Amino acid sequence: MHLRYDPEADAAYLPVGRELHAGESVAQVPEIRNPHGAGEIILDFDADGHLLGVEILQASKLLRAEDLDRARRISNERP
């Protein structure tokens, strides 16, 4: 599994198994919150109920800095 991180959005994504294809995630379970109040974790599921990945919002507050440094950086910017 390879963590992806978008520093502009401060969001990370950890796919379970292979990378996802567009439209594959059909259900999300939001509002799993850190007990210390910062950040949010969202679980993505496919149509059969299989877990596809974990989205982490406010990732810099929930993940260790060294883990974010090793993550693959992504950006929404177009070249």
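The values are calculated or read from the model by the stated rules, or taken from the named source; none is laboratory data. Predicted, not measured: the structure shown is a model, and the values here were computed from it. With ideal geometry, Cβ positions are generated from the backbone for all residues, glycine too; neighbour counts draw on all protein chains shown.
Brief remarks on what is shown
- Only listed residue being β-branched (Val, Ile, Thr), buried (at least 17 other Cβ atoms within 10 Å of the Cβ) and either modelled with pLDDT under 90 or under 13 Å from the mean Cα position of the chain (by Cα) (or both), chosen from ILE42, ILE32, ILE74: ILE42
- In segment 45-71, the residues that are in contact (Cβ under 8 Å) with a residue 60 or more places away in the chain form Cβ pairs under 8 Å with partners that are assigned to a helix (DSSP H, G or I), at six or more places apart or across chains, as follows: LEU68/ALA59; LEU68/SER60.
- Test: residue in segment 59-70 that is modelled with pLDDT under 90 and either of a type in the set (Val, Ile, Thr) or assigned to a loop (DSSP other than H, G, I, E, B) (or both): no
- Only residues that are under 20 Å from GLU8 (Cβ atoms), of a type in the set (D, E, K, R) and surrounded by fewer than 17 Cβ atoms within 10 Å (Cβ to Cβ) were counted across segment 45-63, and they come to 1.
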